[in-house]
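What follows is one structure encoded as structure tokens, with my remarks underneath.
The values are calculated or read from the model by the stated rules, or taken from the named source; none is laboratory data. Quick caveat: nothing in here was measured; it's all calculated off a predicted structure. All Cβ positions, even for glycine, are placed from backbone atoms using ideal geometry, and neighbour counts span all protein chains on display. Side chains included, ligands, DNA and RNA excluded: accessible areas come from the protein's heavy atoms. Shrake-Rupley method; radii C 1.70, N 1.55, O 1.52, S 1.80 Å.
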Amino acid sequence: MAHAKPIAINPDPLAPYCIAPAWAVGDLLLLSGQAAISEEGAIVGEGDFDAQLAQTFANIERVLAAAGSDLSKVVKVVIYMTDMSHFPKIVEARQKYFSAPFPADTTVEVKGLALPELMVEIDVTAVA
């Protein structure tokens, strides 16, 4: 079995929910879903999809950096949205945060996320 270790960040806004920010398993990084939650644990951009998406990507970048990686090493993205009408903004974000060859992607609309104020959550798999 591949070597596995948790990735820590400090402060860790996910700690109250008993969630590891990420795990390194061999050469892969498996991030927990990231959303618009500040380092202090507050919701960012309530009702503002653009602000939530920006904070979500900032959180992804922070966790990847803690693991010694970055967005250029992301190979898979899973996006959960509460309203698929924002999908064009997801396509714009892919162009802003990634470059060709783009990561594999799954995007789905969900009824709700862990906290009712959240509009988007993204989890990624990256190379360590």
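With only Cα atoms counted, the chain has Rg and Dmax values of 13.9, 43 Å.
Can you compute the charge dipole magnitude of the chain about its Cα centre, using +1 on each Lys and Arg Cβ and -1 on each Asp and Glu Cβ, nothing else charged? Give it in debye, rounded to the nearest 20.
Values: 8 positive and 16 negative charges, 92 e Å.
So the magnitude is around 440 debye.
For a modelled paramagnetic label at A100, 7 Å from Cα along Cα-to-Cβ, the residues of the range 75-91 in reach, with backbone nitrogen under 20 Å, are 75-77, 90-91. For the chain, the share of DSSP beta bridges that are antiparallel, to the nearest 5, is 75%.
Dividing the summed -39500 (n - 2.57) terms of all DSSP H runs of n ≥ 4 by the residue count of the chain sets its mean residue ellipticity at 222 nm at -7500 deg cm²/dmol. Let me know the shape class of the range 3-52, please: from the alpha-carbon gyration tensor, a ≥ b ≥ c as square roots of the eigenvalues, rounded when a/c is under 1.5, otherwise prolate if a/b is greater than b/c, or oblate. Prolate shape, in that a/c is at least 1.5 and a/b is the bigger ratio. Kirkwood analysis of the Cα pair distances in the range 73-128 returns a hydrodynamic radius of 11.9 Å.
When the accessible area of the range 1-43 is computed with all protein chains present and a 1.4 Å probe, what percentage of it is carbon and sulfur? Don't jump to the answer; show the numbers that get you there.
Values: 1540 of 2530 Å².
Using a 1.4 Å probe with all protein chains present, the range 1-43 comes out at 61 percent carbon and sulfur.
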